[in-house]
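Visitor: The structure's right below; bear with me while I get my questions together.
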Amino acid sequence: MKSTFKKVLLSTALATSLGAVALVAPLGASQVSAAADTSNHQKAKDKAEQRADNLAYQTAVSKQVEAMFGTANTTTEETTPTVTPAKTATTVIVPQGASLTEIAAQYGVTVDELIAANNLLPAGYQLTIPQK
């Protein structure tokens, strides 16, 4: 039974890979009644045989796929993502007469970064003042 099953599986895999539809004959009544009378030991042996047949089938199919399409690069490397701590913005109250240059120097940022973070206009930008 083992070699017959392998032949059926391999022919099914070949037919499927070529685009044909494979048909498998249903089990006969004698095979069904024989399966009902088997012992637990025989059932375990049959399951092990089926697993081996399935492995042979999977191996045959993967070889056919590799032959048809080439070897796929399926190496997977598990990498742990690096988590960078989120930078939180610091809110300060600007003292009277302080300049952006002084504040930027105090907190270790550039004036341009302060302007961008606070939606401020750079020096020299022309504003239109509406008339009342």
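Visitor: Given points 7 Å out from each Cα along the Cα-Cβ axis, report the S62 to V109 separation in nanometres with one decimal.
Guide: 5.4
Visitor: Pull out the extension gain between N54 and T84, defined as 0.36 nm times the separation in residues minus the alpha carbon to alpha carbon distance; nm, one decimal. Walk me through the intermediate numbers first.
Guide: Numbers: separation 30, 0.36 × 30 = 10.80 nm, distance 4.60 nm.
Fully extending the segment from N54 to T84 adds 6.2 nm.
Every read-out reported here was derived from the displayed coordinates using simple, explicitly stated rules and does not represent laboratory data. Everything numeric here is computed off the predicted structure, so don't read it as measured data. We place every Cβ from the backbone using ideal geometry, glycine too, and count neighbours over all the protein chains shown.
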